[in-house]
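The values are calculated or read from the model by the stated rules, or taken from the named source; none is laboratory data. Note that the structure is a prediction, hence the values are computed from the model and not measured. Neighbour counts run over all protein chains shown; Cβ positions are idealised from the backbone, glycine included. To get the accessible areas, we keep the full protein, side chains included, count just its heavy atoms, and leave off ligands, DNA and RNA. Shrake-Rupley method; radii C 1.70, N 1.55, O 1.52, S 1.80 Å.
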Amino acid sequence: MKKFVVLLSVLSLTLTISPIFSVAEEQPKLSQECLEKMKYRDRTRDKLIMEDVISSFNLDIDESGYDELTYRDLDTSHLIHGGKENDSYYKSLRKVFETAPDWTQGHPKLYIKPLTAYFLYKKKDNTNVMVLLKLNDKKWEVVEKKETIGKEVKYKRVKCEKEYLKKRNEYENKK
């Protein structure tokens with residue numbers, strides 16, 4: 001009989017406490033729609049940043065048929081084409097990407113065509129950087145590096161992102 005009373009007490013206590021925990025507020029989450037808006041904002045900003053860098057050096061990238069590559073594109077291309085360990089072309093281009101500061105505005109880009117490439121990025125202080133590369137023997141070599149002050153490209157939060165951050169901060173402060 002004592003076992004039954006103890007069991008009944010534990011069961012009633014569990015049933016009483018569990019609604020309290022289920023009423024607790026869940027951590028706010030970003031909706032899929034908001035994530036898409038944020039991705040669109042980031043792509044648009046990245047494009048504006050590259051347009052500023054390209055125009056500040058008067059480069060003819062759009063008219064001359066350059067292919068645009070990110071660091072990820074470079075790695076993907078390397079793997080698709082066999083991922084050779086001793087690929088001096090790949091290693092020399094990867095080394096160029098690694099020279100960019102850890103924190104840049106947007107994503108550094110490589111604009112490449114046979115024998116010539118431009119590596120472009122914008123530093124956090126709005127300095128635009130252009131690195132000219134030429135293909136020599138079996139690797140890409142830096143021929144010239146230039147820097148100039150560029151325009152500021154503002155980072156604007158999406159409305160749903162602002163609302164999410166506000167809710168998240170409220171949630172964190174309640175803990």
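For the range 130-158, the set of residues classified as farther than 17 Å from Asp52 by Cα, loosely packed, with under 15 Cβ neighbours inside 10 Å and within 20 Å of the chain's Cα centre (by Cα) consists of Lys156, Arg157, listed by residue number.
Here Thr127 fulfils each of the conditions (1) among the hydroxyl-bearing types (Ser, Thr, Tyr); (2) touching a residue at least 24 places away in the same chain (Cβ under 8 Å); (3) open to solvent by less than 40 Å² (accessible area, probe 1.4 Å) apart from (2).
Please give the number of the condition Ser92 fails out of (1) part of a loop (DSSP other than H, G, I, E, B); (2) of a type in the set (Gly, Ala, Ser); (3) at pLDDT 85 or above; (4) more than 27 Å from Glu152 (Cα to Cα). Among (1) part of a loop (DSSP other than H, G, I, E, B); (2) of a type in the set (Gly, Ala, Ser); (3) at pLDDT 85 or above; (4) more than 27 Å from Glu152 (Cα to Cα), the lone unmet condition for Ser92 is (1). The set of residues in the range 1-56 that are over 41 Å from the mean Cα position of the chain (by Cα), at pLDDT 60 or above and surrounded by 10 or more Cβ atoms within 10 Å (Cβ to Cβ) comprises Ser9, Ser12. Restricted to strands (runs of 3 or more DSSP E) entirely inside the range 105-175, those with at least 1 residues that are under 25 Å from Lys39 (Cβ atoms), among the aromatic types (Phe, Trp, Tyr) and in contact with a Pro (Cβ under 6 Å, 6 or more places away or on another chain) are 116-123. Of all the listed residues (Lys139, Lys109, Lys91, Lys159), the sole one being of a type outside the set (Ser, Thr, Tyr) and without any contact (Cβ under 8 Å) to a residue 24 or more places away in the chain is Lys159.
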